[in-house]
Amino acid sequence: MSSSEPAAGPFQPISNQYYKTMRQYQALLDRITPFVLYRWLGTAGLLCLFLLRIVFAQGWYIVCYAHAIYLLNLLLAFLQPRFDPSLQEDLLADEIEGGGEEMGSLPSARDDEFRPFVRRLPEWQFWLSSTRATLVALFCTFSEAFDVPVYWPILVMYFFVLFILTMRRQIQHMIKYKYIPFDLGRKARYGGHK
């Protein structure tokens, strides 16, 4: 037996089945990657199913609240740039205060150079994480252990206050640093005759 071969043991068939299932799962994800609209429609349908389960069962409000907070967190990461301009300004200010050389007459990265918007959380990861979270939340509604009695209007009100405050802060950040996380308008074509 060579050192590169895995050791055969009592769990070898389970391990083989696990890796086979993971390869099939990855192949499924690879096949559905280009269908952005259909992926999001499927996730929206799954989310509607989850919300219908919550409304008709009249329970699992903590699960619904935790799921909403997680989706809000994902949305904020989707809207934020990977390289935060406020942090770059702080680093530049610290460098100048520390005696570092200024940029001189070269164009600064903040003013003159084109930098495309790169998200902190790519669309694919946003979709995959939100779909997985919705599935986990839906399966949690089938266990009585997660049905904690709470006064749900307080949770709804607190979520909306949290949503409004965080989105207001995010929009102010977008206005201050002049970036838009979406492609709006017509795309320019270069080199074409149309």
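A few points about this structure:
- Electrostatic dipole magnitude of region 1-88 [Cβ: Lys, Arg +1; Asp, Glu -1; Cα centre; debye, to 20]: 200 debye
- Close amide H partners of ARG119, meaning residues 5 or more places away or on another chain with modelled amide H under 5 Å apart, are ARG82.
- Segment ILE62-TYR25, length gained on full extension (0.36 nm per residue, minus Cα span): 10.3 nm
- Projected label points at GLU123 and TYR151, each 7 Å from Cα along the beta carbon direction, are separated by 4.3 nanometres.
Laboratory data are not the source of any read-out in this text; all were calculated from the coordinates shown. Just so we're clear, the structure is a prediction, and the values are computed from it rather than from any experiment. Every residue, glycine among them, receives a Cβ derived from its backbone with ideal geometry; neighbour counts consider all protein chains shown.
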